[in-house]
Amino acid sequence: MPKTARTGASAEARLLKLAAYLHDQGGPITREQIYNAFPDDYRGTAAAREKKFTRDKDALLVLGLALQFDEGEGENGAYVLDVSSSFLPSLSFTPEEAAVVWAAGQAALVNHEHPLAEDLETALRKLAVGATGMPPRAAALEAEPRADESKRTRRLLDAVTGALAARRRVRLRYRNASGVETDRLLDVYGYAWRRGEWIVVGHCHLRDTIRLFYLRRFVSVRPVPASPRGPDYRVPSDFQIRKWSGQEPWNYLAHEARPAAVRFRGSLLPTAKRLLPGAAWTKEPDGSLTGRLDVRNLPGLVRQALAWGPDAELVEPPDGREMALGALHGLLERLDREVAP
């Protein structure tokens, strides 16, 4: 029995290393590259290696990690870890556990300045529908809005997919995070499901560049009169929606690239380089790690640094620190108002 337990633990660790390696590649990778990255795991004849790799692919799927094969990549095709298609096992709570989870989540949502308010709201909706043990009142409260939201989302998606298929330019009324609405002409290049919501990417004529938009912020979208000469636009040959669907919040094109730095310590040290991919790292005298990188959406990095907790500190730029302090002060003021007698 001890030998079997050790073998199982070793197999799990190996699969997690394989999953981490595939995730870090950021794109398709060939079978040969995987074999070369793990020479001790894939030894022997070509048939033996293929058998072991097939076993590992099946094991990853059982863990909820979907490894997709792309025939169009390279001579023999390539694999990519499709994060959007990955899943977690169903959750089950006792009535007491469900009450705690729901109460804590709803209490956090009352504070609109919570750094992960949108993600938390999505998580609670999924729990109310997909998890067992959640309060019946939760599901009842979500039922009608979810139906309305689903119809609206389907209507907007139909307009987006139709425009992309016909290469028809659309007139978009869009509401940004501050609630300001603008009218734009948009050439849709692609759309994807990312982090629990739909995104649309295309050439924005208002900004004269490629931009990412959240479907939930669409106020209206409709095609402009069709051109008699054919399609209104062409999707660039080098455009890949995967690069946008895997983009980090601080890389959204909100402004020109700016240098920033985040310092990690304590519990976040082991995972710091995964939390801030692409950064240049410096080990500080106190043992902490500082990651430096250029960002194109400083508010996105500020919100994420706050969400990481006290073991992550945004150290540069100064106006980013001011944003973080402003968000924390606003949070404290709101809490003080809510607990005041």
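The values are calculated or read from the model by the stated rules, or taken from the named source; none is laboratory data. A quick note: this is a predicted structure, and the numbers were derived from the prediction, not measured. Glycine also receives a Cβ, built like all others from the backbone with ideal geometry; neighbour counts cover every protein chain displayed.
Per-structure values
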| read-out | value |
| --- | --- |
| Odd one out for Arg222 among (1) without any contact (Cβ under 8 Å) to a residue 24 or more places away in the chain; (2) part of a strand (DSSP E or B); (3) basic (Lys, Arg) | (1) |
| Residue, farthest from Leu276 (Cα to Cα), within the range 23-43, restricted to residues that are of a type in the set (Gly, Ala, Ser) and in contact with a helix residue (DSSP H, G or I) (Cβ under 8 Å, 6 or more places away or on another chain) | Ala37 |
| Matching residues, the range 150-174, being modelled with pLDDT of 90 or more and farther than 24 Å from Pro236 by Cβ | Arg173 |
| Restricting the range 180-190 to residues that are in a strand (DSSP E or B) and surrounded by fewer than 13 Cβ atoms within 10 Å (Cβ to Cβ), the residue that is farthest from the chain's Cα centre (by Cα) | Asp183 |
| Top-ranked residue of the range 275-303 - restricted to ones that are assigned to a loop (DSSP other than H, G, I, E, B) and in contact with an Asp or Glu (Cβ under 8 Å, 6 or more places away or on another chain), ranked as nearest to Ile210 (Cα to Cα) | Arg296 |
| Tally of residues being in contact with an Asp or Glu (Cβ under 9 Å, 6 or more places away or on another chain) and aliphatic (A, V, I, L, M) across the range 304-323 | 2 |
| Candidates Ser288, Ser245, Ser267, Ser237 - the one that is within 21 Å of Leu172 (Cα to Cα) and either among the hydroxyl-bearing types (Ser, Thr, Tyr) or in the same structural domain as Ala20 (by TED's automatic domain parsing) (or both) | Ser245 |
| Subset of the range 148-179 that is of a type in the set (S, T, N, Q) and assigned to a helix (DSSP H, G or I) - its residue that is farthest from Ala254 (Cα to Cα) | Ser150 |
| Residues of the range 239-277 satisfying the condition of being more than 23 Å from Leu22 (Cβ to Cβ) and charged (D, E, K, R) | Glu256, Arg258, Arg263, Arg265 |
| So Trp250, is it assigned to a strand (DSSP E or B), under 25 Å from Arg321 (Cβ atoms) and aromatic (Phe, Trp, Tyr) | no |
| Meets criteria (in contact with a helix residue (DSSP H, G or I) (Cβ under 6 Å, 6 or more places away or on another chain) and closer than 30 Å to Leu124 by Cα) for Trp193 | yes |
